[in-house]
Structure formats: structure tokens, C-alpha cells
Amino acid sequence: MRLPFFSMFMTSPFEGLQEHAEKVKECGWAFQQAIECHLSEKCKTFEEFRQEVIRLESDADAIKRRIRGHLPKGTLMPVYNFLLFRYLREQDQVIDAVEDALDWISFRPEPGIPAELEKDFVNLADAVIEPIEQLGEMVSEARKYFKNYSEAQRVVIKNIIHTLRQKEHEADKLEDIVKQKVLNMDIDAVTVFHIVRLAEIIGSIADHAENAGDMMRAMVAR
């Protein structure tokens, strides 16, 4: 007889995952505001948004350590522990990539993003926001699934995972558009490198969200 996943814990680890996902979501909002600020000549609060992301990343790290440190030994099958930690790692790397992107901008705030690429960067940033928001929803639905193992609930989770994959693919295409354009622009090599690397870091946000989805799919697999 298969025991409900949650019954093996005094406190469900998915409660911590949900709390962590909410921190990631808050980071996504600050990231979006920071990118829009960076693209605006009048905005002077980029550094405030970056510091907010740093604070949220620190909060998320504390939650991550709490999850890892409070799993009762001997209460889970090893595969559950492995997948749970892999999921947490990927979700945490989403917030790390957000912080890395804003740090990278701060290393060379001037001359900024060329005007010809501003719309493309807005599109790329927008493309990675939805996957960030989907993580919290996915964990919420997983909490419901592990209470009753409903097939209908499992389908809901699989649909979210499918959406994460689609969004990652869209982000990849937008990242490629930025790279193709900047590599064919008549600008200095340092700016080209800075823009290409920034596009890659932003794109990696969606990559890690998709990876988290893959880990969740493994956890709900029958």
C-alpha cells in the first residue's frame, strides 16, 4: 500500500517549497522592474531593485537551508529525497540567475542597452517572468496532489510543466534574436560581449524553471 507522501512528515516539505517559490516570484517582480528601469533614462532606482533581489535571495537561501535541515531521517524513500532536493536546487537557481543578471548589468551600467535592442530585451525579460510565476502555482497544485493522488490533479501539474517547456522555448528564441542582432551591429566588442552574456543569463532563468518542472514531473510520475 502506497502511503500518502505528506503523511511521512511532521511538517510537509512542500510548505517550505511553496514559501521558497513565493520568494522567487517576488524576485521576478523586482527583476522586471529593474530591467524596465535600466532601459529608462529617467529611472534612478535600478540599484534599489537590485538590492531588493539580493535581500530576497538571502531570504530564499534561509528557507532552502531550513528545508534541507528539517527532513526527518529515515522517513522517506531515497528517490523522494533526491528529487525533492533537485527540485529545490533548480527553483533556487532561478533566483540566483535573476540576481546574476542584475549584477551583470551593474558591472557596466553605461552605455546601457543599445536603443535598437531595447524592445527585444523587454520581450526577453517578459518571457521569463511567466515561468517564475508558474513555479508557485505548480508547487501549490503538487501539495494538493500528494494529499490524495488524484489523477485529475496530476494532469493539472503536467499541464503547468508543459507550459514551462513552451515558455522556455520562447525565451530561447528571443535570446537568439538578441544575439543575432548585436553580433551584426557596428558597436565595440566589449558592448557586444556584455549584451550577449546578459541575454544568456536572462535566458537561463527560464532554463532553470523548466528544469524544476522536469523534477516535478519525476516526483508525480506513477
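The values are calculated or read from the model by the stated rules, or taken from the named source; none is laboratory data. Being a predicted model, the structure only gives us computed values, none of them experimental. A quick note on method: Cβ atoms are made from the backbone with ideal geometry, for glycine too, and the neighbour counts reach across all protein chains shown.
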Condition met for K119 (out of contact with any helix residue (DSSP H, G or I) (no Cβ under 7 Å at 6 or more places or on another chain) and of a type in the set (D, E, K, R)): yes
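Okay, residues lined up against (1) farther than 25 Å from G213 by Cβ; (2) surrounded by 15 or more Cβ atoms within 10 Å (Cβ to Cβ):
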{"residue": "E47", "(1), (2)": "yes, no"}
{"residue": "G69", "(1), (2)": "yes, no"}
{"residue": "E90", "(1), (2)": "no, yes"}
{"residue": "E99", "(1), (2)": "no, yes"}
{"residue": "A127", "(1), (2)": "no, yes"}
{"residue": "E137", "(1), (2)": "no, yes"}
{"residue": "R143", "(1), (2)": "no, yes"}
{"residue": "N148", "(1), (2)": "no, no"}
{"residue": "V155", "(1), (2)": "no, no"}
Residue match in the stretch 194-214 (condition: over 18 Å from the mean Cα position of the chain (by Cα), farther than 26 Å from D92 by Cβ and free of Cβ contacts under 8 Å to residues at least 12 places away in the same chain): no
For A30, state whether it is surrounded by 19 or more Cβ atoms within 10 Å (Cβ to Cβ), under 20 Å from I132 (Cβ atoms) and modelled with pLDDT of 90 or more. yes
More than 20 Å from the chain's Cα centre (by Cα), among the hydrophobic types (A, V, I, L, M, F, W, C) and either crowded, with 17+ Cβ neighbours inside 10 Å or modelled with pLDDT under 95 (or both): is that true of L84 in this structure? no
Taking the stretch 112-167 and keeping residues assigned to a helix (DSSP H, G or I), without any contact (Cβ under 8 Å) to a residue 60 or more places away in the chain and among the hydroxyl-bearing types (S, T, Y) leaves T163
How many residues are crowded, with 17+ Cβ neighbours inside 10 Å and closer than 14 Å to P131 by Cα when one looks only at the stretch 166-179? 4
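Residues are listed down the side, and each one gets a yes or a no for (1) of a type in the set (K, R); (2) assigned to a loop (DSSP other than H, G, I, E, B); (3) surrounded by fewer than 19 Cβ atoms within 10 Å (Cβ to Cβ); (4) at pLDDT 95 or above:
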| residue | (1), (2), (3), (4) |
| --- | --- |
| R2 | yes, yes, yes, no |
| E15 | no, no, yes, no |
| V24 | no, no, no, yes |
| E36 | no, no, yes, no |
| E52 | no, no, no, yes |
| L56 | no, no, no, yes |
Counted residues in the stretch 58-81 being of a type in the set (S, T, N, Q) and either modelled with pLDDT of 95 or more or part of a helix (DSSP H, G or I) (or both) come to 2
In the stretch 168-189, which residues are over 16 Å from N123 (Cβ atoms) and touching a residue at least 40 places away in the same chain (Cβ under 8 Å)? M185, I187
